[in-house]
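FYI, it's all coordinate maths here, none of it is from the lab. All figures in this text were calculated on a predicted structure; none of them were measured in a lab. Virtual Cβ from ideal backbone geometry, glycine too; neighbours counted across all protein chains shown.
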Amino acid sequence: MLATISRLSGHATKFAAHSVPCTHSTLRCGGQERAVLLASAKRHHKQHSRRLHIVAMVKARDALEELGDKGAFVRKDSVFRDWVEEGGTFPPEAGRYTLYISYACPWANRCLAVLKLKGLEDAIDVSITHPTWKKTKPDDPEDTHNGWAFADPSDKPFSSPTGFGSFPPTDCVPDPNIGARFIRDLYEKANDTNGKYTVPVLWDKKHNTIVNNESADIVRIFNERFNSVSKKPDVDLYPEALRSEIDGLNEWIYPHINNGVYRCGFAQQQGPYEEAFEELFAALDKVEGILENKKFLTGDQLTEADVRLFMTLIRFDHVYVSYFKTNRNFIHQMPNTARFVKDMYAMPEIASAVNMYHIRTHYQSSHPRLNYFAIISKGPDYWWEKK
């Protein structure tokens, strides 16, 4: 680590030397002017070195390390929270932005689904990582972080972080912007100091930086801020008349279902696991009751609340029941909720955002603590595809 900081400081010295304006009058300057020039160079050097030092000292981490008291999983908030807006730093322009996702990630998939529902495929690029995490600093033996990696479909298959399995880069899309090998590279390019390198990422090509990495924000950015370049500007997943109801649904579906499955799967003590388990299934029972007389959560209109819920439900029977120990029952055993999943999947925009190969492969090949040998479970059938 010290060697890394030393190399970065050397780079900062060069940066400072070239950052000071050099004019003919500067070249002819006397002692006082030289002193001012030297002070300016030192100031540039100090500021740039401080920024590089902070980035170098960031400790990379993944979600499994986010633990609270008594072994409970406590997800940390996203840190890039800028918005796209007319007249702002990030205006809505076709061809200017890239959405980075993993098909495996439910948070990223909700953004992809909304992008498609809004008809933004020609306006916003999409880059898709390999489902299996890799070492993000392969040449640094002291940095053990594993995370999202880019791949081309023609690349060789990946193995798990522990060296097991063979997982081809099917349906991957490499980074089109800075040639990043890992999602971590994007965060470091954007001078991240948080150390958690997640998807989704909404990237601005003009400024070469992250606009936003919070899925709930990106869903609303796509819904509201790109209508001028959207093929379906009339689609509104957060209509004003339903906003209070949508917000109310999100307030309990997120902690108890969307994040609830992770609170079960990533808990490291029995008590927090059982608490999350009970809250999860109480919330799922509540959903089952709501959907008894409604097509969608708020009635007949599709909203963001439905998209957010669906991306958890579609993973439930094939991943969460076994892998995260959420095994009271399957979703297909809940008739109203199962019907909802089928209705959602019947929409081409939603179905095209679901890739079960990526979903199953990621969870079971990327977390050595939970599945050391990266053995991918075989069943059951994809019941939502059946008529």
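A compact table of results
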quantity	calculated
Contour excess over end-to-end distance, with Cα ends at Ser244 and Lys76 and 0.36 nm allotted per residue	58.0 nm
Segment Trp83-Ile290, length gained on full extension (0.36 nm per residue, minus Cα span)	71.2 nm
Cα Rg, Dmax, region 109-244, angstrom units	16.9, 55
Cα coordinate range in region 119-162, projected on the principal axes (Å, largest first)	43, 20, 14
Among the listed pairs Lys232/Lys286; Lys116/Lys378; Lys59/Lys134; Lys156/Lys196, those beyond 22 Å (Cα-Cα)	Lys232/Lys286; Lys116/Lys378; Lys156/Lys196
Convex hull volume of region 256-310 per residue (C-alpha atoms, cubic angstrom)	58 Å³
Net dipole in debye of region 222-269 [+1 Lys, Arg Cβ; -1 Asp, Glu Cβ; about Cα centre; nearest 20]	280 debye
Cleavage-rule hits (chymotrypsin sites (Phe, Trp or Tyr not before Pro)) in region 330-359: DSSP loop, at most 14 neighbouring Cβ within 10 angstrom	none
Under Karplus coefficients 6.51, -1.76 and 1.60, residue-wise ³J(HN,Hα) of region 254-264 in Hz, glycine/proline x	4, x, 9, 10, 3, 8, x, 5, 6, 5, 6
Net length gained if the chain between Thr193 and Lys59 were fully extended (0.36 nm per residue, minus Cα distance)	47.4 nm
Ordering of 99-107, 317-325 by burial proxy (mean other Cβ atoms within 10 Å per residue, highest first)	99-107, 317-325
Sequence-distant residues sharing a close amide H with Val211 (under 5 Å, placed H)	Leu202, Trp203, Asp204
